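Asks: Starting off with a structure, shown below.
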Amino acid sequence: MSKKKKKVGQLTVEDLRAQIKLLKRTPTDFRDMEVGGANWEKFADVTGRRKEMEVWADGLVLCLKEPNLAESMVLGTKRIRTFYYHDAYSNNGWDKQGWQTIIATCVKQEVSWLYLPEENPKVVVALNILLSRFGYTFRAMSILLSEHNGKPLGVVH
């Protein structure tokens, strides 16, 4: 048997190398990967954390405004909580105190997702980088788009 065919437990050396390569190229926190994507699935298999990952992905969603019917169907009505704190919101968006309150609420309620339908997608990407670097266990998502036409869900065009 060549070196590559030797078994270590139930895995071949080739399998172990592939797993190490995967872990080196993916983020260390599964929350920073696309839920359900190929890397997400492989990461779940390699780390044995699938149950934890699925529970998190299906966790509570904190919405900053009441979601429309289509958004509710996608988000799941049993796991949506609407955030009613409009004192810190203006035409320029949330002020510093508003963001602090939103983040504290996400932590306290142990949400998985912060739904920001009116926020620029680039801001959401940047926010997710910060949330990851600061060790928060929730991530932000921008407006949900239709798979068919790419338009916001529930909006008639």
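The values are calculated or read from the model by the stated rules, or taken from the named source; none is laboratory data. The model shown is predicted, which means the values in this text are computed figures rather than measured ones. With ideal geometry, Cβ positions are generated from the backbone for all residues, glycine too; neighbour counts draw on all protein chains shown.
Asks: On the basis of being more than 14 Å from the chain's Cα centre (by Cα), surrounded by 12 or more Cβ atoms within 10 Å (Cβ to Cβ) and farther than 24 Å from N68 by Cα, does Q100 make the cut?
Replies: yes
Asks: Give the residue, chosen from K78, K3, that is farther than 26 Å from R133 by Cβ, modelled with pLDDT under 85, exposed (fewer than 10 other Cβ atoms within 10 Å of the Cβ) and not assigned by TED's automatic domain parsing to the domain that holds L116.
Replies: Matching residue, one of K78, K3: K3.
Asks: Continuing with the same structure: Is it the case that the range 46-65 has a residue that's modelled with pLDDT under 85 and of a type in the set (G, A, S)?
Replies: Within the range 46-65, none of the residues are modelled with pLDDT under 85 and of a type in the set (G, A, S).
Asks: Of the residues in the range 98-157, how many are of a type outside the set (A, V, I, L, M, F, W, C) and in a helix (DSSP H, G or I)?
Replies: Selection size over the range 98-157: 10.
Asks: Here's another thing I want to ask about it. Scanning the range 37-56 for residues that are aliphatic (A, V, I, L, M) and surrounded by 15 or more Cβ atoms within 10 Å (Cβ to Cβ), which turns out farthest from A140 (Cα to Cα)?
Replies: V46
Asks: Of the residues in the range 108-157, how many are farther than 21 Å from G76 by Cβ and β-branched (V, I, T)?
Replies: The total comes to 4.
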